[in-house]
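Heads up, the thing below is written out as structure tokens.
The values are calculated or read from the model by the stated rules, or taken from the named source; none is laboratory data. Model, not experiment: these values are computed from the prediction. Cβ: placed from backbone, ideal geometry, glycine included. Neighbour counts: every protein chain shown. Note: areas computed on protein heavy atoms with side chains; ligands, DNA, RNA excluded. Shrake-Rupley method; radii C 1.70, N 1.55, O 1.52, S 1.80 Å.
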Amino acid sequence: MELHTDLLLDLNILSRATQKYYDRQLQPFDLTYAQLPVLLMIYESEGITANQIVAQGQYDKGTVTKNVQKLESLGYIETVPSRTDKRLRHLYTTDRSKMVIARIYGIRRDWWNHLMAAIPDEQAGQFLSQTRSLVNNAIEASRTENAPLLFYRMDLLSVNDWPGKLSLVLHAAGCNFRCPGCADRSRVILEEDARILQTEDILDQIAHRKTFIDGVVIRGGEPFLQEGLISFLRHLRRMQVPVRLQTNGTFPRQLEQCLQESLVQE
Ligand code: SF4
């Protein structure tokens, strides 16, 4: 079995073991593992809204709604309508929560100590920071993997945009500059004039031309404004299609990532 398959399997086992532990420990409080993070987020940020819990915890909205309702029905939290926006409801813990919260934190601490006993103290910091990077990568990829790409034009064949090469050219909509002399001002700056091209459709067009084009040119506007750009470039790398990217240089971190991963030609 490959290393990454092992890791995902291990994480799955860890998650299920954690759930089992918490469900058993929380039984006397009528709580489950699923409700715990929601309760703790409310306790740690009294007045938080359900939408903020969804965003901060990367949870599914339906799951948070269900757990908020359950916690309210158990008397652990109460919801209070916002004074400024009737659609918003702020969440607060009740006295029932406050009476048991220290014991709940104790359950969490015991589990954490139990797990971390497997990691030497001097490696714990590095381990946790690497795990955080892993999680951030997963969040980033799931957010951008199918993000639509906003282009205002696709030239199926060009001899001008990559000197000495035949290329397919994608023109990205939107720019963070407002240069007075911009040649494509209306299409670059007014994003409503752009059309959304589905990644699969663009990849199909490229695949059909792969035998006679030398690569793909992506120009703007500013291509890095497209959330799904890096995942799209990774698709092209897997297809072994060279890419020339034109950027106004205001996204150095993303550009560096592209160069490090060899997603674009220097
Ligand atoms: S596309 Fe280029 S010229 Fe046009 S506004 Fe953006 S940076 Fe300026």
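Could you tell me how many of the residues in the range 33-58 are touching an Asp or Glu at 6+ places or on another chain (Cβ under 8 Å) and open to solvent by less than 50 Å² (accessible area, probe 1.4 Å)?
Quick first cut of the range 33-58, residues touching an Asp or Glu at 6+ places or on another chain (Cβ under 8 Å) only: 33, 54.
Then drop every residue that is not open to solvent by less than 50 Å² (accessible area, probe 1.4 Å), which leaves 54.
Summing the residues that are touching an Asp or Glu at 6+ places or on another chain (Cβ under 8 Å) and open to solvent by less than 50 Å² (accessible area, probe 1.4 Å) in the range 33-58 gives 1.
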Counting only residues in the range 193-226 that are crowded, with 17+ Cβ neighbours inside 10 Å and part of a loop (DSSP other than H, G, I, E, B), the one farthest from the ligand (Cβ to nearest atom) is identified as ILE213
Scan the range 227-266 for residues that are in a loop (DSSP other than H, G, I, E, B) and open to solvent by 70 Å² or more (accessible area, probe 1.4 Å) and jot them down.
GLU227, GLN240, SER262, GLN265, GLU266
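Out of the residues in the range 177-192 that are open to solvent by 90 Å² or more (accessible area, probe 1.4 Å) and modelled with pLDDT under 80, which is farthest from the ligand (Cβ to nearest atom)?
By that ranking, first place goes to GLU192.
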Could you tell me which of the residues HIS235, HIS171 is within 24 Å of GLU256 (Cα to Cα) and within 16 Å of the ligand (Cβ to nearest atom)?
HIS171
Quick one: ASN12 ticks every box in (1) under 23 Å from the mean Cα position of the chain (by Cα); (2) exposed (fewer than 11 other Cβ atoms within 10 Å of the Cβ); (3) more than 19 Å from SER142 (Cα to Cα) bar one, so which box is it?
(3)
Taking the condition of being within 20 Å of ARG153 (Cα to Cα) and free of Cβ contacts under 8 Å to residues at least 60 places away in the same chain, how many residues in the range 236-263 meet it?
7
Given the conditions (1) more than 30 Å from GLN27 (Cβ to Cβ); (2) surrounded by 12 or more Cβ atoms within 10 Å (Cβ to Cβ), which single one is not true for TRP111?
(1)
Would a scan of the range 61-77 turn up a residue that is more than 25 Å from the chain's Cα centre (by Cα) and assigned to a strand (DSSP E or B)?
yes
